[in-house]
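Just below is one structure, and these are the notes that go with it.
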Amino acid sequence: MTPPMMCVTRSDSPATDMLQRLLTSALIAGAAAGLIAALLQLVFVQPVLLHAELYEGGERTHFAAASDHHHGEEPAPEAVEPQTAPTTEPAAEAGHDHGPEAAHDHGEAAEIPGIGFDAGRDGLSILFSIMVYAGYGLLLVAAMALSENNGNRVTARQGLLWGIAGFVAVQMAPAFGLSPELPGMAAADVNARAIWWVATVIATGIGLWLIAFGKNWAVWAAAILLILAPHIVGAPHPHEFTGPTPPELAAQFAGRAIGVGLAVWTLLGLFAAALWSRGREA
Amino acid sequence: MSTIARSGEKADVKLANILVVALLGAALIFVAGLAQSETLHDAAHDVRHAVGFPCH
């Protein structure tokens, strides 16, 4: 691994300095990105999540709420009588259970959550958001350093691309198989999903690396196969979708989670590359 | 990969250092995002959902 030809003079700067440079640029970039992620999530994602929890906990029920909403405006006959929707088991169940309670719920507990701050719960979210993006920052800077060992030069501008690639690897590609989950959504066994998630992230990450740094068609073809493979195998899904959450909320949640992810990852790439390349000049 | 053909342009970050940083990052993500401990799950719940980890 280390032939005698290697420039010994260069290792004057101790390895610990290099480790420190790697760690500080990754952790500062990650903490900043994590903080921004937490803020964006509190404003755009958390209200949707809290809204969904009302359905998960049964404070709101999908079809009962729909019938309440349409009450004054339009007759919506099929919504008023939930039993006439035989394709949706949860609605039939819910209509059954909550028949007398639905009206009562609507009066007190059915407020749609807005933007708020729950010191305990959201404080933890900020902390864990910083932790997650610090972790992503470390992986990103490690990859940047590895590419520089191979002759690539990472600039702040290039960092934007690194960030977008990271977003594709850890958020977009997994979401292609397992859309961001809203509380209450029906899903397959969590371990099976976690394994698929990790495998997809690794395959996509390696695939993107090969596309970026590969030099011939064989490598690019292998890269495309790697990126496709998890989706051809397919993510684990339940046999039936019986979650109590309305699809409208789930769709909004998925769109927002992915959108926030793209914004934050682009910034993470920019911050990480800017800090990392600044350290190089110093 | 060969380290003999180093040109002046190539950086010289020790592979061991890169590995340490990458492992640390993976560990952080595992703890915050994937570990199934009850306490961790409850504390990280909203972030796990928002970032798209498999949660429940």
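The values are calculated or read from the model by the stated rules, or taken from the named source; none is laboratory data. All values derive from a computational prediction rather than experimental measurement. Cβ placement follows ideal geometry from the backbone for every residue including glycine, while neighbour counts extend to all protein chains displayed. Quick note on the areas: whole protein, heavy atoms, side chains included, nothing else; ligands and nucleic acids left out. Shrake-Rupley method; radii C 1.70, N 1.55, O 1.52, S 1.80 Å.
Filtering region A:135-170 to residues that are open to solvent by 10 Å² or more (accessible area, probe 1.4 Å), within 9 Å of chain B (Cβ to nearest Cβ) and part of a helix (DSSP H, G or I) leaves A:Leu139, A:Leu140, A:Ala143, A:Leu146, A:Asn149, A:Val170.
Restricting attention to region A:268-280, the residues that are away from chain B (no Cβ under 14 Å), among the aliphatic types (A, V, I, L, M) and buried (at least 20 other Cβ atoms within 10 Å of the Cβ) add up to 1.
Reported count of residues in region A:20-49, each being at the interface with another protein chain (Cβ under 7 Å from one of its Cβ atoms) and either open to solvent by less than 40 Å² (accessible area, probe 1.4 Å) or modelled with pLDDT under 75 (or both), is 6. You will find that of A:Gly205, A:Gly184, the residue that is crowded, with 20+ Cβ neighbours inside 10 Å and at pLDDT 95 or above is A:Gly205 and no other. Of all the residues in region B:8-35, those that are at pLDDT below 85 and more than 7 Å from every other protein chain (Cβ to nearest Cβ) number 1. Which members of region A:167-215 meet the condition of being of a type in the set (A, V, I, L, M) and free of Cβ contacts under 8 Å to residues at least 24 places away in the same chain? Hits for region A:167-215 are A:Val190, A:Ala194, A:Ile195, A:Val198, A:Ile202, A:Ile206, A:Leu210, A:Ile211.
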